[in-house]
1. Quick one: which residues, 5+ away or cross-chain, put their amide H under 5 Å from the amide H of Ser149? H built at 1.01 Å from N.
2. How much length is gained if the chain between Gln191 and Thr171 is pulled fully straight, taking 0.36 nm per residue apart and subtracting their Cα-Cα distance, in nm to one decimal?
3. What are the semi-axes of the equivalent ellipsoid of region 47-236, taken as the square roots of 5 times the eigenvalues of the Cα gyration tensor, listed largest first and rounded to whole Å?
4. Apply the Karplus curve 6.51 cos²θ - 1.76 cosθ + 1.60, θ = phi - 60°, to the phi angles in region 212-217 and return the couplings in whole Hz, x for Gly and Pro.
5. Tell me which trypsin sites (Lys or Arg not before Pro) from region 98-196 have a DSSP coil assignment and no more than 16 other beta carbons within 10 Å of their own.
6. Let me check I've understood the local charge: for Cys205, count other residues with C-beta under 13 angstrom from its C-beta, Lys and Arg +1, Asp and Glu -1. What total comes out?
7. Where does each of Leu122, Leu63, Leu53 land when they are ranked from fewest to most other beta-carbon atoms within 10 angstrom?
8. Tell me the label-point distance for the pair Val48, Arg159, using the 7 Å Cα-to-Cβ offset, in nm and rounded to one decimal.
Amino acid sequence: MFKFWAPAILFFLSLHVQHIGFRSIFTPRYIKTRFIFFDVMSLSKKVVQVEKLYQELDRRLALFRSKSGLSCASECGRCCKKPDIEAWAIEFLPLAYRHCLEGTDQPLLNKIVESPDQICILFSPFILDKGFCNHYNYRGAICRLFGFSAVIDKYGQRRLSTCKTIKEQSTKTYIKASEMAREWEDMPTYQYYYQKLQEIEPSLCHERLPINKAIRAALGYVMNRFYYENEDYISENPPKAG
């Protein structure tokens, strides 16, 4: 196969060299602009990896909820209103990637920059059927894990991590779910999924940030690979938000 394509590749390369000059193809700018496509492809693979990890997590969480009977209180959303939620930037890589593809990344970035509120910008009190989230399918790992997963304590035991409301309103179910969390081998844990996220892109996992800053960091990471490495795009579309 390579023997068949090699002459054609060399022929078109020779035409390209004749057009722009031999030395030009080795300039940093030429190499950077020509290979940005492969950088975006690499980014898309990371996004797919995060999405697949979330699909696996959602499946295990749904199974745990079904087996344990544990569920959120009706129309609650208290955890979403907490101003001190922290997350890794990588948790919102699919969200940032989607907005860049749709061309809505700058409005979202502006919204984060201009918002004085510490509550998650994705929170919407009017979306009752999707956990009060206007980007429910693109929510972070912390949003998925909290309430229905376990942490591994210093003794190596799995301990259910859930909210005060569930503990108080569904005491019997909570006790049953806690026992299941310790015994069920397929129980999702924070440690496992955050380790998997770190393996995908360590640079986006070095610090837990307030949730809006985590979303902003994810946007910056994706926008940098879509636009800022392309000098022609920068000159025509300077960034508006600092």
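Every read-out reported here was derived from the displayed coordinates using simple, explicitly stated rules and does not represent laboratory data. This one's a predicted model, so the numbers in the text were calculated from it and none came from an experiment. Ideal geometry is used to build each Cβ from the backbone, glycine not excepted, and the neighbour counts take in all protein chains shown.
1. Residues meeting the amide H criterion: Ser161.
2. That works out to 4.6 nm of additional length.
3. Computed over region 47-236, the values are 32, 19, 13 Å.
4. 3J(HN,Hα) across region 212-217, in whole Hz: 5, 6, 5, 5, 5, 5.
5. Listed in order of number, the matching sites are Lys130, Lys154.
6. Spelling it out: positives minus negatives among the neighbours equals -2.
7. Leu63, Leu53, Leu122
8. My value for the distance between the label points is 4.0 nm.
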